[in-house]
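Inspection log for the structure reproduced underneath, given as structure tokens.
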Amino acid sequence: MMKTFDENTVVFFDTTLRDGEQSPGASLTSAEKIEIARQLKRLGVDIIEAGFPAASPDDFAAVERIAHEVGTEDGPIICGLARAVESDIRTCWESIKGAAHPRIHTFLGTSDIHLQYQTRMSRTEALRCVREMVTLAVSLCDDVEFSPMDAGRSDPAFLVEVLATAVECGATTLNIPDTVGYVTPEEYYELMSNLIAETPGAGPGSGIRWSVHCHNDLGLATANTLAGIQAGARQAEVTVNGIGERAGNTSLEEVVMAIHTRPTFYNLKTNIDTTQITRTSRMVSNYTGMPVQPNKAIVGSNAFAHEAGIHQDGVLKEKSTYEIMTPQSVGLHNSQLVLGKHSGRHALKVRLEELGYEVDGEELQAIFRRFKEVADAKKKITDADLEALMMDERQQQTEFFKLLDMQVTCGTMGMPTATIRLQTPDGQEKIAAGIGTGPVDACFQAIDSIIKIPNTLLEYSVHSITEGIDALGEVTVRITPAQVSDDMKKTYGGYGADSDIIVASAKAYISALNRVVAAVGMDGIDAEGQSAIIGVS
Ligand code: KIV
Ligand code: ZN
């Protein structure tokens, strides 16, 4: 049944799993997508755009699973994206129909550039297509959203015709995408106000919900989104950490916290539990292998750090001198001491469940073993440590290559050398050694001599999870494989966490390589995992 919302509430449509996953290197496994969807539900998003079901059988399966497992009666609307094409719309419906509140989101490019070069349709043909495809979508699902893609560069008068057609055929949400991040806040405000005023059947009181969808190519996505909301839109399409195509989408946390921090300015409500923001940001960053820049608003590691003496002095005297929101309001610094080395398996399971991870059986055993090791070495175990261990453990649960053991020597005397023992997908153990310019390089060389996937290392970053010399370190890497077909030549990310950052580095690299194997398939590697160059038969 279709969900409705009051006019004073800005509903959050999270597209991390669709537009966000289109970020270079952000490919997620279906287990990770489910975990993120569960966390988005906890965060309180109103709509989850779970994917583009017609894009591949994997996308279909992930959307279908999210619809069943997360799209419960009390849960968010589960939305699938579909081009304005009959087969896409039917496939989309099949994948979302198991949700208590399903939504079909269909789109068609409406700017002259898109009509001429991409859709190759006249305006008349585009109008016919919108009429037929929205009618089809509405015949399947009572909740239909329509997007005129590249609305920011479309002729406003033609947009009115297109949107009026969508409304006439039963669409209930009209989304205005600035697909290429081209417009300014003033222009977006004007466009949204005019469309709301001029589209027949879609004005205030009509029941139509207007939606903003902005990209960040000029760094204006949040400003444009807030301008659209001020013009009357009551749905914001966003991603966690602002990930997405090119420079990304509008970031959820920025828009949410603007509305929450300036209540008398916006005078609007949201259904978001802001204390879940930090946790969600970490989960998305770790699973996608996309680190958050330190100075990123709300979720960057410096977002609440006061460095200058005068600022520190002010904050010590009275927080509001330099703090417009508290770290606690976004769920930061609430990572209290949760468990110690005497805690049992049950306490660990309960705490992990509170953090949003469902663990049982073998997985619980494995994570408990890791927890005990860390608890022995480290005085305090925080929520952030548990989240890192959990994420690391999930990365290591793979049917492909696994790190068994490693040893590294480095320093000022001699060559940095690493010895690595790996398990190959067919269960064999392989040992290799490598030398390099430093310990990480030596490790990667040793791994490369077992897993032969030539690649370029695009990014390598290390970050300590908590303060203190005994902190766990987390590493993210991003690689591009060299000898694969063009459609597989994407960026693949990997994550690893350990109290030894060289071990975390090896795990992160292996997890990125495993993602390449998952995408390209094992056919590119021979049975021994020894000699083939992936993607070349
Ligand atoms: O940016 C865009 O235009 C989109 C549409 C598919 C809504 O993501
Ligand atoms: Zn988009």
Report task. Tell me which of these Met121 doesn't satisfy, since it passes every other one: (1) within 16 Å of ligand 1 (Cβ to nearest atom); (2) farther than 25 Å from Ser95 by Cβ; (3) hydrophobic (A, V, I, L, M, F, W, C). Result -> (1)
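Answer yes or no: is there a residue in region 136-155 that is modelled with pLDDT of 95 or more, assigned to a helix (DSSP H, G or I) and out of contact with any helix residue (DSSP H, G or I) (no Cβ under 9 Å at 6 or more places or on another chain).
To start, the set of residues in region 136-155 that are modelled with pLDDT of 95 or more comprises 136-155.
Going one step further and asking which of them are assigned to a helix (DSSP H, G or I), we end up with 136-140, 151-153.
Those still in the list that are out of contact with any helix residue (DSSP H, G or I) (no Cβ under 9 Å at 6 or more places or on another chain) too: 138-139.
Taking every residue of region 136-155 in turn, at least one turns out to be modelled with pLDDT of 95 or more, assigned to a helix (DSSP H, G or I) and out of contact with any helix residue (DSSP H, G or I) (no Cβ under 9 Å at 6 or more places or on another chain).
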Requested in this report: Those residues that are open to solvent by less than 70 Å² (accessible area, probe 1.4 Å), over 21 Å from Thr409 (Cα atoms) and among the hydroxyl-bearing types (Ser, Thr, Tyr), I need them from region 422-459; list them, please.
Outcome: Thr424
Report task. Kindly list, by first and then second residue, each pair from a residue in region 132-154 that is under 11 Å from Gly80 (Cβ atoms) to a residue that is within 16 Å of ligand 2 (Cβ to nearest atom) and of a type in the set (Gly, Ala, Ser), limited to pairs with Cβ atoms under 8 Å and residues at least 6 apart or on different chains. Result -> Ala137/Ala82; Glu145/Ser211
Report task. Name the strands (runs of 3 or more DSSP E) wholly inside region 168-287 in which the number of residues that are assigned by TED's automatic domain parsing to the domain that holds Val138, away from ligand 2 (no atom under 16 Å from the Cβ) and open to solvent by 20 Å² or more (accessible area, probe 1.4 Å) is 1 or more. Result -> 209-214
Query raised in the report: Does region 371-379 contain at least one residue that is over 22 Å from Gly289 (Cβ atoms) and assigned to a loop (DSSP other than H, G, I, E, B)?
Result: yes
Query raised in the report: Taking Ala55, is it free of Cβ contacts under 8 Å to residues at least 40 places away in the same chain, in the same structural domain as Val138 (by TED's automatic domain parsing) and within 16 Å of ligand 2 (Cβ to nearest atom)?
Result: yes
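Give me the residue from region 231-246 that is within 11 Å of the chain's Cα centre (by Cα) and at positive phi and, out of that set, nearest to ligand 1 (Cβ to nearest atom).
Within region 231-246, the first condition is being within 11 Å of the chain's Cα centre (by Cα), and the residues that meet it are 238-244.
Filter once more, keeping what is at positive phi: 241-242, 244.
On the way: Asn241: 17, Gly242: 13, Gly244: 8 Å.
So, considering only residues that are within 11 Å of the chain's Cα centre (by Cα) and at positive phi, the one nearest to ligand 1 (Cβ to nearest atom) is Gly244.
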Report summary line: Scanning region 1-47 for residues that are more than 12 Å from the chain's Cα centre (by Cα) and within 16 Å of ligand 2 (Cβ to nearest atom), the one farthest from Val138 (Cα to Cα) turns out to be Phe12
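Results for (1) crowded, with 17+ Cβ neighbours inside 10 Å; (2) of a type in the set (Val, Ile, Thr); (3) within 16 Å of ligand 1 (Cβ to nearest atom), shown as yes or no for each residue.
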{"residue": "Ala99", "(1), (2), (3)": "yes, no, no"}
{"residue": "Thr106", "(1), (2), (3)": "yes, yes, yes"}
{"residue": "Asp112", "(1), (2), (3)": "no, no, yes"}
{"residue": "Leu127", "(1), (2), (3)": "yes, no, no"}
Query raised in the report: Across region 466-479, what is the total count of residues that are surrounded by fewer than 23 Cβ atoms within 10 Å (Cβ to Cβ) and either in contact with a Pro (Cβ under 9 Å, 6 or more places away or on another chain) or outside any strand (DSSP E or B) (or both)?
Result: 6
Query raised in the report: Any idea which of (1) free of Cβ contacts under 8 Å to residues at least 60 places away in the same chain; (2) open to solvent by less than 50 Å² (accessible area, probe 1.4 Å) is the one Val45 doesn't satisfy?
Result: (1)
Requested in this report: Return the residue satisfying two criteria in turn: it lies in region 52-96 and is acidic (Asp, Glu) and in contact with a Phe, Trp or Tyr (Cβ under 8 Å, 6 or more places away or on another chain), and of such residues it is modelled with the highest pLDDT.
Outcome: Glu94
Query - For Gly51: the one exception among (1) under 21 Å from Ser511 (Cα atoms); (2) surrounded by 24 or more Cβ atoms within 10 Å (Cβ to Cβ); (3) within 16 Å of ligand 1 (Cβ to nearest atom); (4) not basic (Lys, Arg) - result: (1)
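Given Glu86, Glu64, Glu32, which one is in contact (Cβ under 8 Å) with a residue 60 or more places away in the chain and assigned by TED's automatic domain parsing to the domain that holds Val134?
Glu32
The values are calculated or read from the model by the stated rules, or taken from the named source; none is laboratory data. From a predicted model like this one, the values you see are computed outputs, not experimental measurements. Note that each Cβ is placed from the backbone with ideal geometry, even for glycine, and that neighbours are counted across all protein chains shown. Keep in mind that these areas ignore ligands, DNA and RNA; they rest on the heavy atoms of the full protein, side chains included. Shrake-Rupley method; radii C 1.70, N 1.55, O 1.52, S 1.80 Å.
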